[in-house]
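The values are calculated or read from the model by the stated rules, or taken from the named source; none is laboratory data. None of these values were measured; they are calculated from a predicted model. Reconstructed Cβ throughout: ideal geometry from the backbone, glycine too, with neighbour counts over all protein chains shown. All accessible areas refer to the heavy atoms of the entire protein, side chains included, with ligands and DNA or RNA removed. Shrake-Rupley method; radii C 1.70, N 1.55, O 1.52, S 1.80 Å.
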Amino acid sequence: MPVTDVRHDPDKLTLTITAEFAAPVSRIWQVYADPRQLEKIWGPPTFPATVVDHNLKPGTRTTYYMTGPDGEKYAGYWDITAVDEPTSFSFLDGFAEPDFTPKPELPVSRSIYNFEEFEGGTRAIYVSTYESAEALQQVLDMGVVEGASSAINQIDDLVAT
């Protein structure tokens, strides 16, 4: 499994997931830059993603929805804030209404994804920072660790094809 470590720090308001992949940084970057590849790994296997809009450039908004086993759709968005291809990008990650209007009652994280060469492959460090300890706890209670880990663990199969 690619996920090697998961830590949440209520004092720093962060959730950090570390993963290692047997693929070069440029290949892992493509998974996140290409909307068709992104949708294969963004949602957990039981909640596949459909990416509606995606352009990994600062100032753009990515919109997507995940479809649950019951057919219900759960929308979300990324507001891309910085890009340093192929080693990192940052974004605001939020929940949305079906029309992609942000849901203000749900937490928004400031996320930074970093990719670095590691033992012939890539180490990815995913850091999400929340506004409060309560917001961090809310997403933990919603299953973000399990969902994100199962989504990230799909990357190996994708890059092997």
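The share of Cα pairs per 10 Å bin across region 1-40, counted from zero up to the longest distance, runs 24, 39, 30, 7 percent.
The solvent-accessible area of Lys73, taken with every protein chain present and a 1.4 Å probe, is close to 120 Å². By the Stokes-Einstein formula, at 0.692 mPa s and 37 °C, region 80-148 with its Kirkwood radius over alpha-carbon pairs has D equal to 242 µm²/s. For the chain, adding -39500 (n - 2.57) for each run of n ≥ 4 DSSP H residues and dividing by the number of residues yields -6500 deg cm²/dmol at 222 nm. Summing Lys and Arg as +1 and Asp and Glu as -1 over all other residues whose Cβ lies under 15 Å from the Cβ of Lys12 gives a net charge of -2. Within the straight-line cut-off of under 15 Å between alpha carbons, the aspartates and glutamates reachable from Lys73 are Glu39, Glu97, Asp99, sequence neighbours fewer than 8 places apart in one chain being disregarded. Region 79-115 and region 123-140 have their alpha-carbon centroids 12 Å apart.
Roughly how many percent of the accessible protein surface of the chain is carbon and sulfur, given a 1.4 Å probe and a whole-percent answer?
In the chain, the share of accessible area belonging to carbon and sulfur is 52 percent.
Accessible surface computed residue by residue for region 67-159, with neighbouring protein chains in place and a 1.4 Å probe, gives 51 Å² per residue. Rolling a 1.4 Å probe across all protein chains gives Glu116 an accessible area of roughly 80 Å². Amide H contacts for Ala23 (H built 1.01 Å from N in the peptide plane; partners 5 or more residues away or on another chain; cut-off under 5 Å): Thr122. The Rg/Rh ratio for the chain, using Cα coordinates for both the radius of gyration and the Kirkwood hydrodynamic radius, is 0.93.
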